[in-house]
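Written out below as structure tokens is the structure these notes cover.
The values are calculated or read from the model by the stated rules, or taken from the named source; none is laboratory data. On a predicted model such as this, the values are computed, not experimentally measured, just so you know. Neighbour counts run over all protein chains shown; Cβ positions are idealised from the backbone, glycine included. Protein only, heavy atoms only, side chains kept; ligands, DNA and RNA dropped before computing areas. Shrake-Rupley method; radii C 1.70, N 1.55, O 1.52, S 1.80 Å.
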Amino acid sequence: MRKKNKKQTQSSILLNTKEKKIAAAIASAVLLLLVIIFMIIESNDGKITVKNNTNLQLEYVNTYFVGEEGPITDNIEFNDIAAKGKAFLPQEEINLFGSNSNFEVRFKFENNEELFVDAGVFNDKFNGNIKLTFEEDKDGIIVLKVKASNGLLSSKLIDCNEKYRINLAEGIVEE
């Protein structure tokens, strides 16, 4: 009977080894897939998205990065964004390291004057996404949300998650 126990022990050891090999292969495949997905996400160029969730047409939205001495980047312009409309453009990587820059947004709704906001603080390379969302609240005030994210590994040197209240009747922007 002792021989039977030996055989059972050997077969359970082999089975245990096979299970370990299969588990290691699956874990390696999952890790490789995650690395590939991460590389694809990080290599994508960023974009600027403007959502107009109001009942008014946006005549234009101009965006650029500005530092202490003036504009750092060229103007990115969005024209004629309809009510409940959306537009986006690619955003190239820009080195803002140590520049203490802001993201300036100039916009004009139909039959109103141009207004602007300086959003966030950018002190690092930026190759992420920026979302501008205009929404109308029940009081007729427009709320502008500006959010910037620099990929999966966000930098603490980039801080842009702002909200502004816009009173078009008075031409006032409040933080």
Practice task
Keeping the other protein chains in place, figure out the carbon and sulfur percent of the accessible area of the chain, with a 1.4 Å probe.
Solution key: 53
Fill in the blank from the handout: For the pair residue 108 and residue 21, the simple spin-label estimate (label points 7 Å beyond Cα toward Cβ) gives in nm 7.2
Problem - Acute angle (nearest 10 degrees) that the helix 2-43 long axis makes with the longest principal axis of the chain, alpha-carbon atoms - result: 20
Handout entry: Pairs from 51/84; 86/138; 51/131 whose Cα-Cα separation, in the structure shown, is over 19 Å
Key = 86/138
Completion exercise
For residue 77, placing the label point 7 angstrom along Cα-to-beta-carbon and taking the range 87-128, residues whose amide nitrogen sits under 19 Å are 87-92, 104-117
Handout entry: Calculated from backbone phi, Karplus (6.51, -1.76, 1.60) coupling profile of the range 98-106 in Hz, x at Gly/Pro
Key = x, 8, 6, 8, 10, 9, 8, 10, 10
Problem - nm² value of the averaged projected area, convex hull over the Cα atoms of the chain - result: 16.1
Problem - Probe 1.4 Å, accessible area per residue of the range 44-162, Å² - result: 55
Handout entry: Packing-based order for 154-162, 104-112, using average beta carbon neighbours within 10 Å, highest first
Key = 104-112, 154-162
Completion exercise
Of 68-76, 27-35, ordering from highest average Cβ density within 10 Å down gives 68-76, 27-35
